[in-house]
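Reading through the structure tokens given below for one structure.
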Amino acid sequence: MTATVRSELTKLRSHRGALIAAAAMCSLMVGMSALAASESHTDAGLGGNDDVVQIALAGVVFAALAAIVVGASPMTSEYSTRMIRTTLTATPGRLRVLAAKALVVAGVSFPLALGASVAAYLIGQSLLHQRGYVAPAYPPVSLTDPDAARAVVGTALLLTAYCLIALGIGTALRHSGASIAAGIGLVFLPMLMLGVFPEHVRERVVQATPLAGMAVQSTSGRMLTAFATVDGMPIGPWPGLGVAYAWALGSLAVGYVLLRRRDA
Amino acid sequence: MVATIETHSLTKRYGPTVAVDDLSIDVQPGKVTGFVGPNGAGKTTTMQLLLGLAAPQSGEALVRGRRYAEIERPLTVVGALLDAGAFHPGRSARRHLEWIAESNGIARGRANEVLRLVGLSDVAGRRAGTFSLGMRQRLGIAAALLGDPPILVLDEPTIGLDPEGMRWMRQTLRALAAEGRTVFVSSHLMSELEDTADQLIVLEKGRLLADLSVDQLIAAASDDEIAIGTPDVPAAMTVLANAGVTPISNGRDQVTVRGIAPLRVSELLASSGIALEQLVVTRPSLEEAYFRLTRDAKVER
């Protein structure tokens, strides 16, 4: 298993497409969060209940797009180049190959996402401070504040979950375009649905789709997504992240079953 | 000798098409075994089944008595070249070999060794996607040799090679077999195996048509034709006819005959006091022999 992981790490390090996607994930996380922060404003001194932690991490929605490419491409590029046959000849154990890929994808994307998440948070707080988010209504929230720390680390974990969901989809569909489209659909369709469905359906959507992971960012009792705000918390922060990881596990399980059953 | 590769009643269907049909073969070490048949005969599928890339409907394919998937660090037992283009075009040749080496716990430095072995040292850092077909085949051979395996499985390794590359491949295969390795190599062109293979396994429509040595194939498909040059054609004709064969005269100074050993011919002529000016044995080419064999097989059915 160690050998397989090492080999997958060498592959990822020399896979330009995945590296570019990883860089895009970090840039979008920092850049779009900063944009969200600089677009927010409040009248200094007046009260308000904006979630300054969540605003500073709002770029996660866009970073998720790149995360899907980061997760899917290590597998789909093997099919488009037929390299999968070389891989499975070198390591006939399908479970071992997929597990090693998952470990490497998660092991590489989590630290990168964490770095980007921390940077986004610090830049966001500084921008929000300039936009009128000051004490007493908005006292500074340090990175070490438990809720803030949970949101920042949780955001990195959420992006990692999206990478893993996409890896499972890529294994099942074997085609880059189809996998990325399916991954984006899975992450964004629930958000779009929020605007269309009645309240009780919305709640179910937030609880049961990968969107639930967004709850990990909330420190104000409301969930913010790019396209809608959900009043109240249909699901708690950690359980929400748990749902996203359940999707990752489910997607990898489907991928594994198909990888095992199909001829390469 | 112990078979290193064997299949037992191996059968693989894709929908209604039978790609491999009840195939039982065994491949011996120390020889180059040619796996021959027209395109679509099931050669590649058989190799995929052997390497666990595809699963058979019935029967089994074994390497040293075990299923390929059960071998720990399989590249140190079997080196395979199934598809010379099966690499990521953006990765350098060296990096490509390095990840393969790492996956089987083979030292990374081995990548440089095999690159030297196949003559790609100078382009080791170049993106493999820029390689010519011949260079890709060499890279594929390099990958197959990484684990210094006793068994090599190569699918059409000579396809797309120029004459120089072809010669290199032939010498390489012969050298590997001479080291005692099992070399199992497919080709749809019999002529490409002419000076390479010792043993031939002939496949047609997924079925085993023949499994025999190159010498046997040529002997079985056609007797040697013997041309005898002699000043006394009529006497030679009589002697040979009495020996039970059918000599044919060209009307001048030559008699041709089949179905008799060259030594017997010279003995017969000598004992009758007939001068022998020349004796030429013409062997049919491997391809000719193969065509006769497949034609005969078709007639039988």
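Taken together, the values in this text are just the output of simple stated rules run on the coordinates, not laboratory data. Computed from a predicted model, the values in this text were never measured in an experiment. Neighbour counts are summed over all protein chains in view; Cβ atoms, including those assigned to glycine, are modelled from backbone coordinates with ideal geometry.
Within a Cβ distance under 12 Å of B:HIS8, other residues only, what is the Lys/Arg minus Asp/Glu net charge? In short, -3.
Once you order the gyration tensor axes a ≥ b ≥ c over the Cα atoms, which shape class does the range B:223-282 get: rounded for a/c under 1.5, otherwise prolate or oblate by comparing a/b with b/c? Write out the running numbers ahead of the final one.
Numbers: a/c = 1.26, a/b = 1.11, b/c = 1.13.
It is rounded, given that a/c, with a ≥ b ≥ c, falls under 1.5.
Just to verify a number: FRET efficiency for A:ALA137 and A:LEU192, C-beta to C-beta distance, R0 = 35 Å, to 0.05? List each step's numbers first, then the result.
Working: r = 33 Å, r/R0 = 0.93.
Rounded to the nearest 0.05, the efficiency is 0.60.
Which of rounded, prolate, oblate describes chain B, given a ≥ b ≥ c as roots of the alpha-carbon gyration tensor eigenvalues and a/c under 1.5 marking rounded, otherwise prolate only if a/b is larger than b/c?
On the way: a/c = 2.84, a/b = 1.98, b/c = 1.44.
The shape class here is prolate.
What residues from the range B:264-297 fall in the zone where the backbone N is under 17 Å from a label point 7 Å along the Cα-to-C-beta line of B:VAL245? Only B:264-284 fall inside the zone, counting backbone N under 17 Å.
Please give me, ordered by residue number, the trypsin sites (Lys or Arg not before Pro) of the range B:218-275 that lie in loop per DSSP and have at most 14 other Cβ atoms within 10 Å. Numbers along the way, then the final one.
Working: sites: B:ARG252, B:ARG258, B:ARG264; in loops: B:ARG252.
Answer by residue number: B:ARG252.
Please enumerate, by chain and number, the lysines with C-alpha under 16 Å from the C-alpha of A:LYS101, excluding those fewer than 8 residues away in the same chain. Within the straight-line cut-off, A:LYS101 pairs with A:LYS11. Between helix A:176-196 and chain A there is an angle of about 30 degrees, using the helix long axis and the longest principal axis of the Cα atoms.
Exposure proxy shown here: for B:THR172, B:THR17, the number of other Cβ atoms within 10 Å sets the order, fewest to most, as B:THR17, B:THR172.
Placing +1 on each Lys and Arg Cβ and -1 on each Asp and Glu Cβ, with no other charges, gives the range B:1-67 a dipole about its Cα centre of roughly 200 debye.
Potential lengthening of the chain between B:LEU263 and B:SER132 amounts to 42.2 nm, from the contour at 0.36 nm per residue minus the alpha-carbon distance.
Exposed loop GluC sites (Glu not before Pro) only (DSSP loop, at most 16 other Cβ atoms within 10 Å): please give the longest stretch of chain B free of them, not including the sites. Kindly include the intermediate steps, with their values, before the conclusion.
Numbers: sites that count: B:GLU72, B:GLU179, B:GLU194, B:GLU277.
Counting only loop sites that pass the neighbour cut-off, the longest clear stretch is B:73-178.
Place a +1 charge on the Cβ of each Lys and Arg in chain B and a -1 charge on the Cβ of each Asp and Glu, then give the dipole magnitude about the Cα centre in debye, rounded to the nearest 20.
Magnitude of the dipole: close to 1220 debye.
When the charge dipole of the protein assembly as shown is built from unit charges on Cβ atoms (+1 for Lys and Arg, -1 for Asp and Glu) and taken about the Cα centre, the candidate among A:ILE55, B:ILE71, A:CYS163 whose Cα reaches farthest toward its positive end is A:ILE55. Between rounded, prolate and oblate, where does the protein assembly as shown land on the alpha carbon gyration tensor, with a ≥ b ≥ c its root eigenvalues, rounded for a/c under 1.5, else prolate if a/b exceeds b/c? Prolate is the answer for the protein assembly as shown, as a/c is 1.5 or above and a/b outweighs b/c.
Here's the list of lysines a cross-link from B:LYS12 could span, going by alpha-carbon distance under 26 Å and ignoring same-chain residues fewer than 8 apart: B:LYS43, B:LYS205, B:LYS298.
Comparing B:THR7, A:GLY250, B:HIS188 along the charge dipole axis of the protein assembly as shown, the residue lying farthest to the positive side is A:GLY250, per the Cβ-charge model.
Any idea what the dipole of the protein assembly as shown comes to, in debye rounded to 20, about its Cα centre with Lys/Arg Cβ at +1 and Asp/Glu Cβ at -1? Don't jump to the answer; show the numbers that get you there.
Details: 50 positive and 48 negative charges, 209 e Å.
I would put it at about 1000 debye.
Legend: ranking of residues B:LEU139, B:LEU176 from fewest to most surrounding C-beta atoms inside 10 Å; resulting order B:LEU176, B:LEU139.
List the trypsin sites (Lys or Arg not before Pro) within the range B:178-244 that fall in a DSSP loop (any state other than H, G, I, E or B) and whose Cβ has at most 15 other Cβ atoms within 10 Å. Don't jump to the answer; show the numbers that get you there.
On the way: sites: B:ARG181, B:LYS205, B:ARG207; in loops: B:ARG181, B:LYS205.
Of the trypsin sites (Lys or Arg not before Pro), the ones in loops of the range B:178-244 whose Cβ has at most 15 other Cβ atoms within 10 Å are B:LYS205.
Counting each DSSP H run of 4 or more residues in the protein assembly as shown as -39500 (n - 2.57), what helix-only mean residue ellipticity at 222 nm follows after dividing by all residues, to the nearest 500 deg cm²/dmol? Please report the intermediate quantities before stating the final value.
On the way: 19 runs with 290 residues, N = 565.
Rounded to the nearest 500, the figure is -17000 deg cm²/dmol.
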